[in-house]
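The values are calculated or read from the model by the stated rules, or taken from the named source; none is laboratory data. Only a predicted model underlies this, so the values are computations on that prediction, with no experimental measurement involved. FYI the Cβ positions are ideal-geometry reconstructions off the backbone, even for glycines, and counts take in every protein chain you see.
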């Protein structure tokens, strides 16, 4: 893709998603560069991870009319309820993951942050942490698929580590989502936790985050990724064609953290012990599932939906990185103008960890 000409000297290259549809809706072009208003900072984007949510939003997957697995909607129908909060504000610069450098600040904002390398908290609480209302970078307002982005100062966290920009770009959305689920599930040492979809960005983050809590992690992945998932730290690994009930037994795990959903959902509740917890923030294999209510209420199972991040989540991640308690899982980088290639590869699921875009 070639950037189009733009006369404004305060311009930048960005990928603008123009509406619901295929890769043709991703336009790499020159757009006006943002500026920091009161309480905001302007960042030079150093790296931006690729996530399911950007693809789902472009496809309108969040619409109640969509029942397919993620990445499988192929029509170009405009879905008014296809975004996180019904209508997505197209045209939109997507990008929920941002590693950046603070280059300017708005009025009433600490200028001491200028020059700092930072991570942006993707999930922002609209009313602080008293309510669950959220605002998401790259979904509710322009995000990191650009050379520059402006964000509230309260949502940037300085980071001191020897990781590369691209490695830091793997963290915010996947690890924030994973840490939030682990936190909500109350995972502690000795718990037995099942993780379907263990090789993806969130799944691989979950393995690391639970091993630092000394939990026993049972990972489910494809046969081709068993060795890589083992290297991440899973205690045992099962392939997707495994009869989980036969191998693990009924009521054999304390927690299931499942972003897969789809046809396998019912089995997850069978595997949970009495008083167990099922936690999810996605449905890669499909949003419509079959629930036998008896498997839930007769076993006192708790179902936990996780979208809004709790207050401790992002500071925790910064601490884990700076203390060397987790490591980046960077699969591949792409220049920003190759976003369509990156998203195709993401949907192909042949990688372990995260794909990251680097603005020029």
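What single numbered condition from (1) outside the structural domain of residue 100 (by TED's automatic domain parsing); (2) under 24 Å from residue 342 (Cβ atoms); (3) part of a helix (DSSP H, G or I) fails to hold for residue 198?
Here residue 198 clears every test but (3).
Do you know which of the residues in the stretch 343-360 that are in a loop (DSSP other than H, G, I, E, B) and more than 24 Å from residue 285 (Cβ to Cβ) is modelled with the lowest pLDDT?
Per the stated criteria, the residue is 360.
Can you tell me which residues in the stretch 99-143 are outside any strand (DSSP E or B), touching a residue at least 40 places away in the same chain (Cβ under 8 Å) and more than 20 Å from the chain's Cα centre (by Cα)?
106, 107, 108, 109, 110, 113, 116
Please verify whether residue 251 is part of a helix (DSSP H, G or I), at pLDDT 95 or above and surrounded by fewer than 17 Cβ atoms within 10 Å (Cβ to Cβ), treating the condition exactly as stated.
no
Test residue 205 against the criterion of being in contact (Cβ under 8 Å) with a residue 24 or more places away in the chain, surrounded by 19 or more Cβ atoms within 10 Å (Cβ to Cβ) and touching a helix residue (DSSP H, G or I) at 6+ places or on another chain (Cβ under 6 Å), and give yes or no.
yes
Tell me which of these residue 224 doesn't satisfy, since it passes every other one: (1) within 18 Å of residue 329 (Cβ to Cβ); (2) out of contact with any strand residue (DSSP E or B) (no Cβ under 7 Å at 6 or more places or on another chain); (3) not in a helix (DSSP H, G or I).
Among (1) within 18 Å of residue 329 (Cβ to Cβ); (2) out of contact with any strand residue (DSSP E or B) (no Cβ under 7 Å at 6 or more places or on another chain); (3) not in a helix (DSSP H, G or I), the lone unmet condition for residue 224 is (3).
Could you look through the stretch 202-221, keep only residues that are in a strand (DSSP E or B) and within 21 Å of residue 189 (Cβ to Cβ), and pick out the one that is farthest from the chain's Cα centre (by Cα)?
The extreme case among them is 216.
Here's the yes/no breakdown for (1) within 20 Å of residue 184 (Cβ to Cβ); (2) assigned by TED's automatic domain parsing to the domain that holds residue 228; (3) buried (at least 20 other Cβ atoms within 10 Å of the Cβ):
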{"residue": "282", "(1), (2), (3)": "yes, yes, yes"}
{"residue": "296", "(1), (2), (3)": "yes, yes, no"}
{"residue": "310", "(1), (2), (3)": "yes, no, no"}
{"residue": "315", "(1), (2), (3)": "yes, no, no"}
{"residue": "318", "(1), (2), (3)": "yes, no, no"}
{"residue": "346", "(1), (2), (3)": "no, no, yes"}
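Conditions: (1) within 15 Å of the chain's Cα centre (by Cα); (2) crowded, with 19+ Cβ neighbours inside 10 Å. Residue 339 meets all but one. Number of the miss?
Unmet condition: (1).
Please indicate, with yes or no, whether at least one residue in the stretch 177-186 is under 14 Å from the mean Cα position of the chain (by Cα) and closer than 25 Å to residue 335 by Cβ.
Checking the stretch 177-186: not a single residue is under 14 Å from the mean Cα position of the chain (by Cα) and closer than 25 Å to residue 335 by Cβ.
Just wondering, is there one or more residues in the stretch 123-140 that are at pLDDT 95 or above and more than 23 Å from residue 305 (Cα to Cα)?
no
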